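Colleague: There's a structure below that I have some questions on.
The values are calculated or read from the model by the stated rules, or taken from the named source; none is laboratory data. Keep in mind the model is a prediction, meaning the values are calculated, not measured. Reconstructed Cβ throughout: ideal geometry from the backbone, glycine too, with neighbour counts over all protein chains shown. We work out accessible area using only protein heavy atoms, side chains counted, and drop any ligands, DNA or RNA first. Shrake-Rupley method; radii C 1.70, N 1.55, O 1.52, S 1.80 Å.
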Amino acid sequence: MSKFAAHDLSNNHSRVIKYPPPVVTPSWNDLNTITGLIAEAVSPLPTAAWLVPDAEQRTSALRDQFKILVEHAAFYGHIDVLYDRSAAAVWFHHLGPVPPPHHYDQRLHEACGSHVHRFRHLDALFDRHRPAEPHHHLALLAVTPAAQGTGRGTALLDHHHRHLDQAGIPAYLEASSPRARDLYTRHGYEPRRAFTLPDGTPFWSMWREPQPTHQS
């Protein structure tokens, strides 16, 4: 299952909204909207260009593939979305075995067509580097282009990190750029190892131990 993130962890305080919209749990009817916003946010990234070199097909292929993952997370993880549907985070709960989506190979081929071998390569790469320890995996974090740099990604992270800290559960993700790696470091993640796509696009496996909680 291919996973990467369009990160919105900006430190540009002139653009940060002091109170982002609240985090809510989406309904099943929201999933198409969520997959659309993720595909729109991810399409400009180098990983997306490698997965689908044809720019005219890119957003559509990504949207169809993300739909598989988002629907699967509804059963084997959870999805957080901001109230205005401008940002979403997709988590998988790797506290035990997580099976692949039903008929995944067939659905992936239908979604990605001639690009399917690239998505399978990314799947294998991510599976090879995912830790065996129990954790929650941040598979997708995306903010619509018009809302990027407004603290929405940070709001989603902070929301779930509070739960993880209270429950004593680690978190894991793959950062897809040095900037994202450094920003996640500020949120308590530590790089474990680096790996690359065939074109040299980098990823960093990152792990976050639960942080102490302070009762007032």
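Colleague: Can you say whether Leu122 is aliphatic (A, V, I, L, M), within 23 Å of Arg192 (Cβ to Cβ) and not in a loop (DSSP other than H, G, I, E, B), as far as the supplied structure shows?
Modeller: yes
Colleague: Right, Ala142: open to solvent by less than 20 Å² (accessible area, probe 1.4 Å), touching a residue at least 40 places away in the same chain (Cβ under 8 Å) and under 22 Å from Asp123 (Cα atoms) or not?
Modeller: Taking the combined requirement at face value, the residue satisfies it.
Colleague: So, one more: Is the range 142-156 home to any residue that is within 16 Å of Ala48 (Cα to Cα), assigned to a strand (DSSP E or B) and modelled with pLDDT under 95?
Modeller: yes
Colleague: Continuing with this model, one more query. Taking into account only those residues within the range 148-173 that are open to solvent by 10 Å² or more (accessible area, probe 1.4 Å) and among the hydrophobic types (A, V, I, L, M, F, W, C), which is nearest to Arg85 (Cα to Cα)?
Modeller: Within the range 148-173, the match that is nearest to Arg85 (Cα to Cα) is Ala155.
Colleague: So, in the range 62-94, how many residues would count as being assigned to a helix (DSSP H, G or I), small (Gly, Ala, Ser) and open to solvent by 10 Å² or more (accessible area, probe 1.4 Å)?
Modeller: So the answer is 1.
Colleague: Residues to consider are Ala167, Ala175, Ala180; find the one that is of a type in the set (A, V, I, L, M) and under 17 Å from Pro134 (Cβ atoms).
Modeller: The match here is Ala167.
Colleague: While we're on this one: For the range 174-210, what are the residues that are part of a loop (DSSP other than H, G, I, E, B) and open to solvent by 70 Å² or more (accessible area, probe 1.4 Å)?
Modeller: Passing the criteria: Arg186, Pro198, Asp199, Glu209.
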